[in-house]
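Presented below is the structure to which this report refers.
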Amino acid sequence: MGKTNEEKGLLAKLASGKLDGMVGNEKTYSGYKDVYCGKYIKDGEPVSYREGESSRFFNERK
């Protein structure tokens, strides 16, 4: 099945980095410790993340 012109255009924008940034809102799941989940696009690659409280705020590498 071939791609439509709209799909081709969106894939070209994605590959060029024009769509880089956050996708939607970050979600926080609370319990014993907070867990942060979200999605973003970096260098044309969709990325999904899930971080615990300690790695988010106390790990100097981030």
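Quick notes on this one:
- Restricting attention to region 1-54, the residues that are more than 18 Å from the chain's Cα centre (by Cα) and part of a loop (DSSP other than H, G, I, E, B) add up to 9.
- Qualifying positions in region 40-52 - surrounded by 11 or more Cβ atoms within 10 Å (Cβ to Cβ) and of a type in the set (Ser, Thr, Tyr): Tyr40, Tyr49
- Members of region 1-39 found to be among the charged types (D, E, K, R), modelled with pLDDT of 90 or more and open to solvent by less than 100 Å² (accessible area, probe 1.4 Å), listed by number: Glu7, Lys13, Asp20
The values are calculated or read from the model by the stated rules, or taken from the named source; none is laboratory data. Small disclaimer: the values here were computed from a predicted structure and weren't measured. A quick note on method: Cβ atoms are made from the backbone with ideal geometry, for glycine too, and the neighbour counts reach across all protein chains shown. For accessibility, only protein heavy atoms count, side chains too; no ligands or nucleic acids. Shrake-Rupley method; radii C 1.70, N 1.55, O 1.52, S 1.80 Å.
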